[in-house]
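K.L.:
This is the structure I have questions about; it appears just below.
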């Protein structure tokens with residue numbers, strides 16, 4: 001029996017296929033390139049991305065490939081992250097929840113950068129929010145448990161029912177990522193995210209960026225990166241004029 005497959009996304013560089021509970025990312029052939037060169041480039045980039053994903057998955061929430069592709073492979077197989085793509089859902093949450101999510105984003109970027117991993121395409125399209133289900137307690141106990149009886153029945157259980165489980169933000173698609181210790185590259189990573197928040201989530205983008213940058217201060221080199229970010233933004237303003 002063949003596994004059920006569904007194309008989730010097809011861009012200029014790759015095709016993303018959902019096969020049962022796995023994601024398979026195929027790099028697309030480029031007809032404008034010499035065949036031998038195209039083969040070499042696609043295999044090299046596939047292997048590089050898989051290695052980067054494997055390294056990132058040890059540091060932050062990110063899908064870990066099942067294997068590092070060899071020299072003959074054009075695809076990466078990894079777990080399917082079931083959740084909400086932030087580009088489509090972030091605006092639907094309360095502002096407070098949006099800020100909590102952006103705090104997690106900033107923390108994850110800081111961890112990546114401290115390990116010299118540059119994502120290269122930091123947008124909310126490449127971030128997935130996974131919200132765990134609340135742990136189920138005995139239904140009879142839940143139905144009989146009220147605030148007035150909480151002290152007798154178990155205050156801890158009552159609080160557990162009402163406590164909101166913590167969500168996780170997963171970073172995906174490291175196709176444009178690379179390893180770099182340069183502060184400039186880390187600043188550009190932040191700049192791209194700032195632009196993405198302003199363009200896609202413009203209603204509260206300034207507050208969201210502030211939340212990201214505040215939590216990014218956990219990075220050991222945050223002061224230097226922020227200084228470089230000012231220079232990057234300054235160059236961008238000159239280009240517009």
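The values are calculated or read from the model by the stated rules, or taken from the named source; none is laboratory data. The structure displayed is predicted, hence computed values, not measured ones. Methodologically, a virtual Cβ is constructed for each residue, glycine included, from the backbone with ideal geometry; neighbour enumeration extends over all protein chains shown.
K.L.:
Answer yes if at least one residue in the stretch 170-192 is in contact (Cβ under 8 Å) with a residue 40 or more places away in the chain, part of a strand (DSSP E or B), within 19 Å of the chain's Cα centre (by Cα) and surrounded by 17 or more Cβ atoms within 10 Å (Cβ to Cβ), and no otherwise.
P.N.:
So far as the stretch 170-192 goes, yes, one or more of its residues are in contact (Cβ under 8 Å) with a residue 40 or more places away in the chain, part of a strand (DSSP E or B), within 19 Å of the chain's Cα centre (by Cα) and surrounded by 17 or more Cβ atoms within 10 Å (Cβ to Cβ).
K.L.:
What pairs can you find where one residue is in the stretch 113-131 and at positive phi, the other is surrounded by fewer than 17 Cβ atoms within 10 Å (Cβ to Cβ), and their Cβ atoms are less than 7 Å apart, with a gap of 6+ or different chains?
P.N.:
If the second residue must be surrounded by fewer than 17 Cβ atoms within 10 Å (Cβ to Cβ), the pairs left are 116/179; 116/180; 116/181; 120/176; 120/178.
K.L.:
Let me ask you something else. Every residue in the stretch 19-38 that is touching a residue at least 12 places away in the same chain (Cβ under 8 Å) and over 20 Å from residue 173 (Cβ atoms), please.
P.N.:
Of everything in the stretch 19-38, just one residue is touching a residue at least 12 places away in the same chain (Cβ under 8 Å) and over 20 Å from residue 173 (Cβ atoms), namely 20.
K.L.:
Is it the case that some residue within the stretch 44-65 is over 21 Å from residue 177 (Cβ atoms) and out of contact with any helix residue (DSSP H, G or I) (no Cβ under 8 Å at 6 or more places or on another chain)?
P.N.:
No, the conditions are met nowhere in the stretch 44-65.
For (1) touching a residue at least 12 places away in the same chain (Cβ under 8 Å); (2) in a strand (DSSP E or B); (3) under 21 Å from residue 174 (Cβ atoms), each residue gets a yes or a no:
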| residue | (1), (2), (3) |
| --- | --- |
| 17 | yes, yes, yes |
| 45 | yes, no, yes |
| 48 | yes, no, yes |
| 52 | yes, no, yes |
| 60 | yes, no, yes |
| 63 | yes, no, yes |
| 91 | yes, no, no |
| 103 | yes, no, no |
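K.L.:
Can you tell me which condition residue 179 does not meet? The list is (1) touching a helix residue (DSSP H, G or I) at 6+ places or on another chain (Cβ under 7 Å); (2) modelled with pLDDT of 95 or more; (3) within 22 Å of residue 60 (Cα to Cα), and all the others hold.
P.N.:
(1)
K.L.:
Residues in the stretch 65-82 that are within 30 Å of residue 167 (Cβ to Cβ), over 14 Å from the mean Cα position of the chain (by Cα) and assigned to a loop (DSSP other than H, G, I, E, B): how many?
P.N.:
4
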